[in-house]
Amino acid sequence: MSTVDPALEHEQSMRAVPDGWRREGLNSDDARPCPPVVRSVAVKMACNGVSLAAQLDTPAEPVVGRCLLVPTFGLSMLDHTVLAYYLLLNGFAVLRFDASNHVGASPGDIARFTMSGLVAEISAALGLEAEEPTAVIGASLSTRAALRALREIRVAGFFAMSPVVNLRKTLGLAARSDLVGHFLAGSAPPLCKLLGFELESSRFLEDCVREGFAGLEDSKADAARMTAPSVWIAGDADRSISLAETVEVIECLPRGKLVKLAGANHELFRSPVVQHMYFAVLVEELLRLTGCGRESVCPQYKDVIDFVQRRKGNV
């Protein structure tokens, strides 16, 4: 199944960018140019006997930290190229992978996707690191899986963008129907549609309920067991999540911080404006975590397009 073309999305979306947003990080003259990549290599990764497509990108300049990008639901690692670029530009090595039973180059049909399957693959990716990774980065639905995985695995930090903490509510908003409620009542259809993808209800919804992913209280219970410091970046115009519920989860964490973005919605992988709002804050918080004293930089828009187009054939 086809995935979002980042270059095309940016070209189409940029036509509607207001003049007020044409500033640093989009078209400024003093932004750092597109960085050369010292090494971009395919990584051998497997989970439960299934080989997964994975890639490690390393910047030319001294590396200040290492990041794992958790696959966002409905997107491949190619669709995370812009996010990887922001990180590389700020000195971070980036590991990303395609989940199984998902979109991208790993095997399996997205109809058979489960949250617990993604959790297992996050754990497998973290197991590839010889040292403790600087950060795990997730967005939207994937933040829920990462929160579960990080109950058991120590990392330096967790960064959640537009985080889903009440899966039942978010699924209901996306599907315009209480999918979990229908499943519990025994009336769920064979297939449930999520963001345009059809998933097998007997696998996806059962896994959400059986493994404790569905409710807000489930997220709070997982948060209480996580030891890593975390930063939660959420927009006050995001109708897919609840800021109040996000705060409830953060209050269960030993070290959690909320960064609220005024006017930002859930379109962080489709709109260059919203994307920049999230990614600029992300790299600032990441650099603060490392304590390296380095100031964050954001790319010019033309360099984002150039980087995406040059990297498309290498992922």
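The values are calculated or read from the model by the stated rules, or taken from the named source; none is laboratory data. Keep in mind the model is a prediction, meaning the values are calculated, not measured. Cβ coordinates were reconstructed from backbone atoms using ideal geometry, including for glycine residues, and neighbour counts include every protein chain displayed.
Structural remarks
- Among the residues of the stretch 209-228, those identified as touching a residue at least 60 places away in the same chain (Cβ under 8 Å) and closer than 15 Å to residue 250 by Cβ are 219, 222, 223, 225, 226, 227, 228.
- Exactly one residue among 198, 267, 245 is outside any loop (DSSP other than H, G, I, E, B) and farther than 28 Å from residue 152 by Cα, and that residue is 198.
Rundown of residues vs (1) crowded, with 16+ Cβ neighbours inside 10 Å; (2) touching a His at 6+ places or on another chain (Cβ under 9 Å); (3) under 19 Å from residue 161 (Cα atoms); (4) among the hydrophobic types (A, V, I, L, M, F, W, C), yes/no style:
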| site | (1), (2), (3), (4) |
| --- | --- |
| 207 | yes, no, no, no |
| 223 | yes, no, yes, yes |
| 244 | no, no, yes, yes |
| 285 | yes, no, yes, no |
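- Unique residue being surrounded by 19 or more Cβ atoms within 10 Å (Cβ to Cβ) and either at pLDDT below 95 or not assigned by TED's automatic domain parsing to the domain that holds residue 139 (or both) when the list is 19, 57, 5: 57
- The stretch 120-163, residues that are in contact with an Asp or Glu (Cβ under 8 Å, 6 or more places away or on another chain) and either of a type in the set (Phe, Trp, Tyr) or under 19 Å from residue 210 (Cβ atoms) (or both): 123, 147, 148, 151, 159
- You will find that of 177, 162, the residue that is of a type in the set (S, T, N, Q) and under 10 Å from the mean Cα position of the chain (by Cα) is 162 and no other.
- Per-region count, the stretch 211-242, residues in a helix (DSSP H, G or I) and either within 16 Å of residue 278 (Cα to Cα) or over 19 Å from the mean Cα position of the chain (by Cα) (or both): 7
- Pairs, first under 21 Å from residue 232 (Cα atoms) and at pLDDT 95 or above in the stretch 283-301, second surrounded by fewer than 18 Cβ atoms within 10 Å (Cβ to Cβ) and of a type in the set (Lys, Arg), C-beta under 6 Å, six or more apart: 287/294
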